[in-house]
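Reviewing the structure listed below.
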Amino acid sequence: MTTSLEGGIIIYMTKNENASLSLKKIACIALLLIFFFSVGVMASNVKVNNVKIVLSNNYEMNVLTTKTKISEILAENKIVILPEENIVPNLEAELSESRTITITKSSKEGENAIQLAEENSEVSIEQLLGDYTPVVEKLITEQVEVPYETITKDTSDNEEQTSSKVIQEGENGLKEITYKAKFKNDIEIERTILTEKIVREVTNKIVQVNKNNVTSRSSITRTQNEKTTTTTKANTKDTSTLEKKVKGKSPVVKTLNTSAYCACASCCGKSTGITASGVKASSWYTVAAGKAYPVGTVIYIPALKNKPNGGWFVVQDRGGAISNSKLDIFMSSHGEATQYGRRNLECYIYM
């Protein structure tokens with residue numbers, strides 16, 4: 001028997017009672033040790049996963065979780081799937097080996113990608129979504145050259161012997177086109193024309209086919225002699241004199257809009273043919289130009305090198321409608337001036 005004093009009260013304990021208390025203490029300690037050991041074993045069996053979650057706005061987050069079900073992982077991280085969003089894998093699925101959860105906005109293409117990803121385990125969702133990159137639209141404006149056409153005017157009445165003459169030289173036009181273009185991965189996949197605007201009109205080349213007139217030998221000889229004499233004089237006057245005058249000088253090369261005029265009232269009203277410089281106008285020699293080109297300026301036009309003057313002209317006249325971008329060539333008759341029309345030609349200007 002054991003005697004103890006507690007609070008003035010004497011307690012008597014037998015040996016059996018003391019032994020019973022000791023056994024109870026040992027049992028409690030043993031139970032606690034078994035509990036902690038079990039918890040430790042359970043904790044060691046739980047796997048912690050590093051999961052990547054890609055939100056629909058392309059924001060990526062990495063979380064640590066012991067959960068394996070997709071819905072539980074999202075709930076644990078307080079992520080709510082909106083009605084217009086899709087998720088791969090689906091909410092009821094288990095976490096895949098890639099440890100990636102992808103949330104995208106709903107679209108027909110996105111749904112197809114998700115379906116393919118779920119059906120084909122060999123294709124990753126990242127690969128499939130890469131094929132559905134956004135399409136970018138751009139406005140593109142560019143200038144395109146419009147080629148001229150050659151128009152043939154046949155006045156030969158189906159004669160066998162004919163000759164061709166270029167009445168008007170051709171010049172390409174220019175138009176400005178605005179497109180709406182679609183690009184995917186920086187590659188143009190579609191183009192739609194929105195507007196077209198003509199910047200420069202096309203000047204078609206006109207060729208006239210004439211029949212050769214059969215004349216007597218004496219007429220042919222006389223005509224050839226007259227043409228030879230005229231050409232020789234013109235070439236002597238224009239080519240020799242003017243070319244020598246500008247020899248060694250460097251010209252200014254410009255494209256001018258050329259037309260033709262004569263001394264009739266319909267053209268300029270100069271019945272006397274006297275130019276603004278005071279001299280009489282000469283066919284295929286005198287030109288009217290803007291004030292930027294002083295009187296006496298020599299101009300060579302390669303496109304007219306086969307004409308009587310050999311392509312050489314002198315500024316001797318002015319005109320109310322003649323600007324610095326235009327040139328008016330004096331002709332011997334109104335018919336010849338009308339036939340010449342209007343042409344944009346390259347000019348070599350010696351000032």
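The values are calculated or read from the model by the stated rules, or taken from the named source; none is laboratory data. It should be emphasised that the depicted structure is a prediction, and the values quoted were computed from it without experimental measurement. We place every Cβ from the backbone using ideal geometry, glycine too, and count neighbours over all the protein chains shown. What goes into the accessible areas is simple: the full protein's heavy atoms, side chains included, and nothing from ligands, DNA or RNA. Shrake-Rupley method; radii C 1.70, N 1.55, O 1.52, S 1.80 Å.
Cβ-Cβ contacts under 8 Å between residues 6 or more apart (or on different chains), taken from a first residue in region 141-167 that is touching a residue at least 60 places away in the same chain (Cβ under 8 Å) and under 17 Å from Q339 (Cβ atoms) to a second residue that is open to solvent by less than 70 Å² (accessible area, probe 1.4 Å) and not polar (S, T, N, Q), are listed as I167/I206; I167/V207; I167/G341. The listed residues are I70, I114, and the only one of them that is open to solvent by less than 100 Å² (accessible area, probe 1.4 Å) and modelled with pLDDT of 90 or more turns out to be I70.
Would you confirm, using the coordinates I've provided, whether N306 is part of a strand (DSSP E or B), of a type in the set (S, T, N, Q) and closer than 23 Å to N204 by Cα? Spelling it out, it is not the case that N306 is part of a strand (DSSP E or B), of a type in the set (S, T, N, Q) and closer than 23 Å to N204 by Cα. Taking region 301-328, which residues are more than 42 Å from the chain's Cα centre (by Cα) and surrounded by 14 or more Cβ atoms within 10 Å (Cβ to Cβ)? Hits for region 301-328 are K307, P308, N309, G310, W312, F313, V314, V315, Q316, D317, R318, G319. One residue alone among I151, I193 is modelled with pLDDT of 90 or more, assigned to a strand (DSSP E or B) and loosely packed, with under 14 Cβ neighbours inside 10 Å, and that residue is I193. From the set of residues in region 73-89 that are open to solvent by 60 Å² or more (accessible area, probe 1.4 Å) and within 17 Å of T104 (Cβ to Cβ), which is nearest to the chain's Cα centre (by Cα)? By that ranking, first place goes to E84. Taking K254, is it modelled with pLDDT of 90 or more, of a type outside the set (F, W, Y), under 25 Å from I206 (Cα atoms) and open to solvent by 50 Å² or more (accessible area, probe 1.4 Å)? Criteria met by K254. Just one of the numbered conditions (1) part of a loop (DSSP other than H, G, I, E, B); (2) open to solvent by 40 Å² or more (accessible area, probe 1.4 Å); (3) modelled with pLDDT of 80 or more is not true of S271: (3). Going by what's in this entry, would V298 be described as within 19 Å of K254 (Cβ to Cβ), in contact with a Gly (Cβ under 9 Å, 6 or more places away or on another chain) and either in contact (Cβ under 8 Å) with a residue 24 or more places away in the chain or surrounded by fewer than 16 Cβ atoms within 10 Å (Cβ to Cβ) (or both)? Against the criterion (within 19 Å of K254 (Cβ to Cβ), in contact with a Gly (Cβ under 9 Å, 6 or more places away or on another chain) and either in contact (Cβ under 8 Å) with a residue 24 or more places away in the chain or surrounded by fewer than 16 Cβ atoms within 10 Å (Cβ to Cβ) (or both)), V298 does not qualify.
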